[in-house]
Amino acid sequence: MIPYVIAIVAIAFVFDFINGFHDSANSIATIVGTRVLNPFTAVLWAATFNFAALFTVGTAVASTIGKGMIDVSFVDANVILGGLIGAIVWNLITWFFGLPSSSSHALIGGYAGSAIAKAGTAAILWGRKWIETLEFIALSPIIGLLAGFGLMIAVYWIFRRVSPHRVDRVFRVAQLGSSALFSFSHGANDAQKTMGIIAGLLVSTKELFRLQPGLLHHLYLQSADHIPLWVEVAAYVMISLGTLFGGWRIVHTMGSRITRLRPVGGFCAETGGAFAILFATKLGIPVSTTHTITGAIVGVGATHRLSAVRWGIAGRIVWAWVLTIPAAGIMAAIAYQILSRVVHLGC
């Protein structure tokens with residue numbers, strides 16, 4: 001049973017890598033789309049600031065995932081693995097079609113679907129954290145849109161007497177900072193979700209490791225309130241590596257297919273999106289970086305004219321958002337049913 005739990009921890013880190021791979025577009029699409037950085041340099045830049053979040057943010061989001069959404073008394077290794085499988089499969093499907101769906105909501109949907117498959121709706125802790133998370137599915141793109149739109153209008157007004165060429169030159173430099181800030185916010189919120197899943201797993205199997213010597217004792221976790229340092233470091237390393245490898249299909253959608261961006265637009269989208277995500281992270285809400293930056297890009301495009309936004313592409317993205325939680329949940333429930341028949345855990 002101990003090797004099985006260790007394997008699930010490894011799979012959780014694989015999900016974290018896929019999260020970074022899938023969501024790299026969130027961090028670099030605008031800076032690549034505006035040609036401020038080439039793709040390789042952009043992913044190095046983003047991965048660096050993904051990891052930097054380790055040293056400056058807490059673990060409020062991880063605690064929400066670990067104990068605030070699912071009743072831990074119903075959680076076992078099969079529930080965790082089923083949830084991870086559902087999230088990974090949905091992420092790969094949306095990556096294949098180039099759709100920027102939410103890895104965060106795929107994980108939440110997968111975790112919930114797997115828990116429901118085991119214990120029914122009694123496994124769900126219906127309360128404030130679920131309400132906030134579901135609210136932010138709608139609110140995060142709206143907040144991003146308003147932030148991107150508002151910042152773009154403000155910049156237009158401030159630089160109204162400056163030549164377009166000079167504005168472009170200023171914001172090519174400024175966009176390095178905004179891209180770094182957005183990458184930082186992405187790492188701060190998204191890496192914590194994997195931490196929370198691993199914490200839930202280790203708490204549910206703590207009796208296996210209570211008396212284990214050596215390295216195995218580090219897998220003993222009494223409460224999800226405390227995330228071990230090795231879990232934090234490994235989660236940030238894996239999401240940064242995933243970003244480093246990048247998901248170029250989604251970069252193309254985000255960086256050029258929704259609307260054409262200039263450096264000033266990229267700066268406004270990234271800055272507005274980053275502050276919205278950092279605000280949610282502070283509140284411990286597992287918000288979608290994908291939803292937020294997509295909304296911000298649409299907001300920037302809409303300052304030119306509504307026709308500057310390719311609403312057909314935006315509509316496909318919205319459908320991916322709507323389907324993410326139920327689709328990942330269904331896949332996770334199927335995975336749990338298979339695992340529960342194949343793997344006997346004695347719990």
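The values are calculated or read from the model by the stated rules, or taken from the named source; none is laboratory data. Computed from a predicted structure; not experimentally measured. Cβ coordinates were reconstructed from backbone atoms using ideal geometry, including for glycine residues, and neighbour counts include every protein chain displayed.
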inquiry  = Six or more apart or on different chains, Cβ atoms under 8 Å: show the pairs whose first residue is in the range 282-303 and in contact (Cβ under 8 Å) with a residue 40 or more places away in the chain and whose second is among the acidic types (Asp, Glu) and surrounded by fewer than 24 Cβ atoms within 10 Å (Cβ to Cβ).
reply    = LEU283/GLU132; ILE285/GLU132
query = Do the conditions hold for ALA122, that is, is it in a helix (DSSP H, G or I), farther than 29 Å from PHE279 by Cβ, touching a residue at least 24 places away in the same chain (Cβ under 8 Å) and not β-branched (Val, Ile, Thr)?
reply = yes
note = Within the range 291-317, the count of residues that are assigned to a helix (DSSP H, G or I) and either small (Gly, Ala, Ser) or modelled with pLDDT under 75 (or both) comes to 15
query = In the set ILE108, ILE142, ILE153, which member is surrounded by fewer than 19 Cβ atoms within 10 Å (Cβ to Cβ), in contact with a Ser or Thr (Cβ under 8 Å, 6 or more places away or on another chain) and part of a helix (DSSP H, G or I)?
reply = ILE153
ask   = Does at least one position in the range 162-181 carry a residue that is within 28 Å of GLY68 (Cα to Cα), assigned to a helix (DSSP H, G or I) and at pLDDT below 90?
value = no
ask   = Which residue out of GLY66, GLY86 is closer than 20 Å to THR281 by Cβ, not in a strand (DSSP E or B) and not hydroxyl-bearing (Ser, Thr, Tyr)?
value = GLY66
ask   = Does SER114 satisfy being among the polar types (S, T, N, Q), part of a helix (DSSP H, G or I), out of contact with any Ser or Thr (no Cβ under 6 Å at 6 or more places or on another chain) and more than 15 Å from PHE15 (Cβ to Cβ)?
value = no
request  = May I ask you to say which residue of ALA25, ALA117, ALA77 is small (Gly, Ala, Ser), at pLDDT below 80 and touching a Phe, Trp or Tyr at 6+ places or on another chain (Cβ under 9 Å)?
outcome  = ALA25
